[in-house]
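Undergrad: Quick one: the structure is below, questions incoming.
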Amino acid sequence: MNIVAIKKEQHQNLKVANQRDLSHVANQHIAPINVREFPQASTSYPIVLIKDPDSERYRTVVMLGLEAGENLYHEEKKWQAIYIPHSISMVPFSLGLDPEKEKTLTACIDLDSPFVGEDKDQALFDAEGNDTDYFKGIQEQLGRLYDNEVANENFVKILLENDLLQELELNIAFNNEEKKKLVGIYGINEEALHGLSDEKALEFYKSGLFMPIHAMLASAGQVNRLAQLRNSSENPVKVSGIQYNVVKAEEAK
């Protein structure tokens, strides 16, 4: 990838293809998701949190496969779900730091993307160097993406402050008698959730926090969809059983 901040002086003639496939995530087993996407995403994907080993920061993601390099939702000509996470559909665009303005986010583009080039369809700038309506629309979408990221950070912070996260492991049995255990994933601690005080529960309700929390809980059933997609794929190793287990505190040490 070659992601750069979009500048009219350098990218006056840059264009983006109208038709963009999802081949860039064909080998991606997780994808970032933000809290405002949870209700729609939960109907198709398991939603979990993972922890960045370097920063200890939690990220919310959807699971796309049962092992690294596997995307069970991607087929050459179609996506195996109605909803597509913003982090996938926005490519080749993203938010990034403006090299000319300290601590300022700006629209960026991947110059190495096959959907980008001077011979494509949608121009970013017109002949006078002004933003086209197309590019203005992209900037609005990226602005909403930033707002969603802020909401996401706040959501994770509240989960941590109220001890509502628990470590999970996903145990998978295959028809060749192989077994795998996916670890380092986190979900909602239902026991702690039910133990919230009336005052705290009312605060959550008024803040709209129960909707994404319940969406996360409901999405756990989508691991069965992962198994179904694996078993209908060309992979000869099929899933014979799949189950989430809670990792006890003493086991996680």
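Undergrad: I want to confirm something. Restricting to region 121-132 and keeping residues that are among the charged types (D, E, K, R) and surrounded by fewer than 17 Cβ atoms within 10 Å (Cβ to Cβ), which single residue is modelled with the highest pLDDT?
TA: Asp121
Undergrad: Something else about it: Which one of the conditions (1) without any contact (Cβ under 8 Å) to a residue 60 or more places away in the chain; (2) among the small types (Gly, Ala, Ser); (3) in contact with a Cys (Cβ under 8 Å, 6 or more places away or on another chain) does Ala127 fail to meet, given that it meets all the rest?
TA: Condition (3) is where Ala127 drops out.
Undergrad: Go through (1) in contact with a strand residue (DSSP E or B) (Cβ under 9 Å, 6 or more places away or on another chain); (2) at negative phi; (3) part of a loop (DSSP other than H, G, I, E, B) and name the single condition Pro114 misses.
TA: Only one criterion is unmet by Pro114, namely (1).
Undergrad: Give the residues of region 214-227 that are of a type in the set (S, T, N, Q) and surrounded by 15 or more Cβ atoms within 10 Å (Cβ to Cβ), sorted by residue number.
TA: Matches in region 214-227: Ser219, Gln222.
Undergrad: Continuing with this model, one more query. Any idea how many residues of region 224-243 are free of Cβ contacts under 8 Å to residues at least 12 places away in the same chain and in a helix (DSSP H, G or I)?
TA: Number satisfying all stated conditions: 2.
Undergrad: Here's another thing I want to ask about it. Checking the conditions here, which among Glu76, Glu67 is assigned to a loop (DSSP other than H, G, I, E, B), touching a residue at least 60 places away in the same chain (Cβ under 8 Å), under 27 Å from Asn235 (Cα atoms) and open to solvent by 20 Å² or more (accessible area, probe 1.4 Å)?
TA: So the residue among Glu76, Glu67 that is assigned to a loop (DSSP other than H, G, I, E, B), touching a residue at least 60 places away in the same chain (Cβ under 8 Å), under 27 Å from Asn235 (Cα atoms) and open to solvent by 20 Å² or more (accessible area, probe 1.4 Å) is Glu67.
Undergrad: Any residue in region 11-30 that is open to solvent by less than 40 Å² (accessible area, probe 1.4 Å) sitting within a Cβ distance under 7 Å of a residue that is outside any loop (DSSP other than H, G, I, E, B) and among the aromatic types (Phe, Trp, Tyr)? List the pairs, counting only those 6 or more apart or interchain.
TA: Close Cβ pairs (under 7 Å, with a partner that is outside any loop (DSSP other than H, G, I, E, B) and among the aromatic types (Phe, Trp, Tyr)) amount to Leu22/Trp79.
The values are calculated or read from the model by the stated rules, or taken from the named source; none is laboratory data. This is a predicted model, so every value here is computed, not measured. With ideal geometry, Cβ positions are generated from the backbone for all residues, glycine too; neighbour counts draw on all protein chains shown. Just so you know, the surface numbers come from the protein's heavy atoms only, side chains and all, with ligands and any DNA or RNA stripped out. Shrake-Rupley method; radii C 1.70, N 1.55, O 1.52, S 1.80 Å.
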